[in-house]
Structures are given as C-alpha cells and as structure tokens.
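Peer 1: Just dropping this structure here.
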Amino acid sequence: MTELLPVRRGRMAGTGDWQSQYRALSMSAEEAAALVRDGDVVSMTSSASLPVALDQALAAHLQRINGHIELNTLDSPRSMALLQPDCIPHVAYHANFFFDERYLQDQGNIHFVPTNLSKTGDWMCARHPRVAILTCSPPNEEGWMSRSVWGAMQSREMLEQCETVIVEVNARLPFCCSDGEAHMLFHVSEADAIVERDGAILESPSPEADETDRIIAGYIAEMVQDGSCVQFGLGGLANAVGQCLAYAGKKDLGVQSEVLSSCLIELIEKGVVNNSRKQTCRGRAAGTYFVGDRKLYDFVRQNPLFCQKEIAWTNDPRNIARNDRVVSINNAMEIDLTGQVNAETIGARQYSGTGGQLEWVLGSQWSKDGKSIIAIRSCYRDRNGELHSKIRPLLTPGSIVTTPRTCVQYVVTEYGVADLRYKSLSERARALTAIAHPDFRGELARAARL
C-alpha cells in the first residue's frame with residue numbers, strides 16, 4: 001500500500017501513539033451521541049455501514065433534549081431508529097438516492113436531493129455539517145481504519161471540514177484495500193470519538209436472474225470485447241451478465257464500477273477478470289460500494305485484487321474515460337421513442353435517484369472504443385396483471401429525464417439491440433419499436449407515424 005499520511009487532526013492527535021489515542025477516544029454510544037447539538041447538520045453513513053449503536057443512541061438523545069437535526073445520507077434501512085415515526089419531529093432527512101426511503105417519503109420529513117452520484121460529497125459539503133458519523137473496520141497495524149463496504153458517501157473533504165467526527169468501529173466490517181488519491185481509509189488520529197460495536201452487517205443477497213435477464217445479458221455479453229473495462233449494476237441482470245461473461249471465453253477483462261457485487265467472485269476466480277489491460281488501477285478492480293452477502297465481504301477482506309475509491313473518483317467521467325474499451329451497463333424504468341431515459345421516478349414520484357447513470361453513459365462513450373448500454377425489460381405487469389410497455393411514445397407525465405436522448409447509445413431488451421447514436425428521430429423510433437414487446441409494436445409504430 002502506498003504510504004498515506006493523516007490530514008485531519010482529531011481530538012487526541014499528537015498525544016502518544018495511535019493505540020493510546022484509540023483508548024482515549026473510546027466512549028459509549030450515549031456519550032458520543034451527546035456530542036450532537038440541537039440544530040446540527042449531521043452526515044452519517046448508512047446501508048451496510050449504518051452505525052447502528054450511534055443511530056439508536058442519537059434517536060434517544062434527540063427525543064430526550066427535544067432537539068432537531070438535518071441528516072444527510074442515503075440508502076437507509078427502514079429499521080433505522082432516526083427514521084421511525086417518533087423521530088419525525090426531530091429529523092429532517094436528506095438523501096440523493098432512495099431505496100427504503102421511497103416507502104417513507106409520505107412521512108413529510110424525507111427530502112430528495114437531485115445530484116449525480118459523484119457529487120454526493122460535494123452536496124454534503126455544501127450543507128456545512130458540523131458532525132460526521134461513520135462506521136469503520138478495526139484499525140490495521142498502522143492505525144488506519146477502512147471506511148469499508150458502504151462508507152464512500154462521505155468525501156474526505158467533507159470529513160476534514162467537520163468540527164466533530166465520530167467513528168463507530170464494527171469488528172465485523174472487512175478492511176478493504178485502498179490507497180492513492182481518493183483513498184477510503186481513515187486514521188485513528190483523525191477521529192474525535194470512537195464507539196466500539198460487534199454486530200451483524202446488513203447483507204444484500206443478489207436476486208436470481210430469470211430468463212428475461214439471461215436473454216438481455218446474452219446480448220450484452222456479445223458486445224463485450226476482450227480487454228474491456230466493465231461497469232456492472234445491481235440485481236439479477238448484473239449477475240446474469242457476470243455468468244455470461246464467465247462462460248463466454250472472454251479474456252483480460254477489467255472492472256471499474258460504483259458498485260462491486262457478488263458476480264465478480266466467479267469472474268475473478270476463473271481469471272476472466274484480471275484487470276491486466278486497464279489504464280487506471282491496473283491489476284485491481286476499482287470501485288466504491290461493495291453490495292452483497294457475507295461471501296462477498298469475506299472475499300474482499302484485505303484482498304489486494306481490489307482498490308476501493310471514493311465515489312467522486314470512481315464516477316468522474318474523466319477517470320472512467322482514462323480506461324480503453326469501457327462498457328457501461330445501466331438500467332432504466334422507461335424510455336420514449338426519441339431515446340429519453342427515465343431511471344428514477346414512477347411518474348412524478350421519486351423511486352430511486354439519478355445515481356451515476358449519466359456519468360457512466362458519458363465516460364464510457366468518451367473512452368476509446370467504449371460502449372454505453374441501457375438495459376431495460378420490454379414490458380411489465382401492473383398489480384392487476386395488465387401488461388404495459390416500457391418503451392413508450394412519450395415518457396409518463398411527470399417523469400424525470402435521467403439521461404437525455406442526445407447521450408444514449410445502445411438500448412438492449414430481451415428482443416434485441418438498438419443503436420441510437422447519431423440516428424434521426426424516425427430512425428430511433430423504428431429501432432426502438434423493433435426491440436419492443438411484440439404486443440406493442442403496432443401501437444408504437446402508429447404513434448411515431450412509421
């Protein structure tokens with residue numbers, strides 16, 4: 001690992017070695033929660049890196065003092081104490097990507113912040129938090145703690161500007177390898193308080209791919225050349241793409257992705273992914289979030305074949321484009337016949353977020369011989385069993401355009417591949433109609449006057 005130097009000066013910095021500092025900084029969750037004041041802006045990690053003890057202690061602290069905070073985070077589980085009904089008067093919750101938050105937005109204290117995912121740290125900086133709460137792995141022999149599987153939402157710049165940084169050290173979090181610019185390590189001497197916990201880590205088992213996923217994945221795998229640098233998404237489709245690539249005879253694939261998921265294990269073990277032809281982080285899979293189950297967490301623990309980076313680095317289109325033959329794979333909720341992509345709302349209701357889709361669409365196309373792929377099922381069934389096309393003449397009223405039509409290249413459904421780049425409106429409509437579900441092709445052709 002490249003030698004790193006602590007930047008932020010924590011409460012005990014400069015007083016003895018890091019082990020003595022660690023002991024001096026250690027306190028109970030209740031004592032640490034009391035460092036948060038009424039009116040504070042607070043940044044907190046979540047998902048698999050949710051600081052469970054501090055979450056519960058802070059919820060109780062706010063109710064006890066009748067205090068109120070602004071909380072900036074994303075992907076918080078519904079079990080989070082600060083999201084419970086008794087905390088509604090005490091917490092204004094801000095997120096730039098919804099997962100379980102989508103089910104809670106009618107509470108009235110859940111607010112969506114439209115940003116590209118790489119700007120998460122900048123958004124948090126702009127809110128001027130006084131307190132940051134993060135979860136880390138236990139320190140290594142040099143006193144560095146890994147911000148681990150889901151710690152990248154907080155940029156180092158944001159942590160350095162905070163007056164108080166509280167760290168919950170979870171003995172079960174894996175130490176993830178990271179070095180160089182935009183690294184994901186935090187030194188004991190940079191902390192102001194440490195709370196120890198030995199608790200279960202939230203796991204996100206990958207859903208099984210179905211036949212539609214496998215068909216779409218087959219088209220995508222055919223588009224991946226030897227030596228490509230691949231960005232994966234989440235879910236059954238990502239697993240299906242991984243399985244196709246593992247048995248398709250591909251060679252020397254690389255990975256740079258905001259999400260590193262369980263599908264990588266087989267690809268690396270089989271030697272399909274060896275990262276040997278990348279221009280950045282050569283020999284290592286670079287990414288930000290590890291999303292999977294215990295098998296993935298154990299696989300990445302101190303594994304030098306990975307290099308974890310902050311989201312601002314991973315998703316910067318300029319960094320993406322530094323690699324040749326980047327293939328980005330992103331999902332969508334619907335697409336219209338001009339090529340506009342909605343990947344985040346159901347009508348006007350926020351469902352997920354802008355995420356990194358546009359960043360990867362741009363970065364992959366800026367890459368030498370790169371390809372941007374939007375993968376979408378051709379249709380879906382509503383609660384009443386009625387079939388609807390996901391390729392529409394126009395987006396559903398109120399829908400957000402996540403990726404504009406000017407940036408879309410390939411669109412893949414289970415019925416084939418449409419290349420939209422540099423095509424006229426009528427050519428786009430014809431290409432998208434051809435990969436729509438057969439039941440809707442006539443309707444789409446009439447709408448486009450083909």
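Peer 1: Those residues that are exposed (fewer than 14 other Cβ atoms within 10 Å of the Cβ), assigned to a loop (DSSP other than H, G, I, E, B) and not polar (S, T, N, Q), I need them from the stretch 1-34; list them, please.
Peer 2: Hits for the stretch 1-34 are 3, 5, 7, 9, 14, 16, 17.
Peer 1: Within the bounds of the stretch 393-413, is there any residue that is touching a His at 6+ places or on another chain (Cβ under 7 Å), modelled with pLDDT of 95 or more and loosely packed, with under 13 Cβ neighbours inside 10 Å? Steps first, please.
Peer 2: Here is the first cut: in the stretch 393-413, the ones touching a His at 6+ places or on another chain (Cβ under 7 Å) are none.
Looking through the stretch 393-413, none of the residues is touching a His at 6+ places or on another chain (Cβ under 7 Å), modelled with pLDDT of 95 or more and loosely packed, with under 13 Cβ neighbours inside 10 Å.
Peer 1: Scan the stretch 96-110 for residues that are among the charged types (D, E, K, R), farther than 22 Å from residue 311 by Cα and in contact with a Phe, Trp or Tyr (Cβ under 8 Å, 6 or more places away or on another chain) and jot them down. If you could, list the steps in order and put the result at the bottom.
Peer 2: Within the stretch 96-110, the first condition is being among the charged types (D, E, K, R), and the residues that meet it are 100-102, 106.
Applying the additional criterion that residues be farther than 22 Å from residue 311 by Cα yields 102, 106.
The one that is among the charged types (D, E, K, R), farther than 22 Å from residue 311 by Cα and in contact with a Phe, Trp or Tyr (Cβ under 8 Å, 6 or more places away or on another chain): 102.
Peer 1: Within the stretch 67-101, which residues are surrounded by 17 or more Cβ atoms within 10 Å (Cβ to Cβ) and basic (Lys, Arg)?
Peer 2: Listed by number, the list is empty, since nothing qualifies.
Peer 1: Out of all the residues in the stretch 97-125, which are part of a loop (DSSP other than H, G, I, E, B) and closer than 23 Å to residue 160 by Cα? Walk me through how you get there before you give the answer.
Peer 2: Initially, the stretch 97-125 is screened for residues part of a loop (DSSP other than H, G, I, E, B), giving 97-99, 104, 108-109, 113-116.
113, 115, 116, listed by residue number.
Peer 1: Given the conditions (1) under 20 Å from residue 41 (Cα atoms); (2) in contact (Cβ under 8 Å) with a residue 60 or more places away in the chain; (3) surrounded by fewer than 20 Cβ atoms within 10 Å (Cβ to Cβ), report the number of the one that residue 143 does not fulfil.
Peer 2: (1)
Peer 1: Let me ask something else. Looking at the stretch 152-197, what strands (runs of 3 or more DSSP E) fall wholly within it and have at least 1 residues that are closer than 18 Å to residue 5 by Cα?
Peer 2: Numbers: elements: 164-170, 185-187, 193-197.
Output list reads 164-170, 185-187.
Peer 1: Kindly list the number of the only condition in (1) farther than 18 Å from residue 353 by Cα; (2) part of a strand (DSSP E or B) that fails for residue 94.
Peer 2: Going through (1) farther than 18 Å from residue 353 by Cα; (2) part of a strand (DSSP E or B) one by one, residue 94 breaks only (1).
Peer 1: Which of the residues belonging to the stretch 34-49 are more than 27 Å from the chain's Cα centre (by Cα) and of a type in the set (A, V, I, L, M)? Walk me through how you get there before you give the answer.
Peer 2: We begin by selecting, within the stretch 34-49, every residue more than 27 Å from the chain's Cα centre (by Cα); these are 34-39.
Once the filter is applied, which keeps residues that are more than 27 Å from the chain's Cα centre (by Cα) and of a type in the set (A, V, I, L, M), the stretch 34-49 yields 34, 35, 36.
Peer 1: Return the residue satisfying two criteria in turn: it lies in the stretch 306-332 and is touching a residue at least 60 places away in the same chain (Cβ under 8 Å) and assigned to a loop (DSSP other than H, G, I, E, B), and of such residues it is nearest to residue 46 (Cα to Cα).
Peer 2: The residue in question is 310.
The values are calculated or read from the model by the stated rules, or taken from the named source; none is laboratory data. Only a predicted model underlies this, so the values are computations on that prediction, with no experimental measurement involved. Note that each Cβ is placed from the backbone with ideal geometry, even for glycine, and that neighbours are counted across all protein chains shown.
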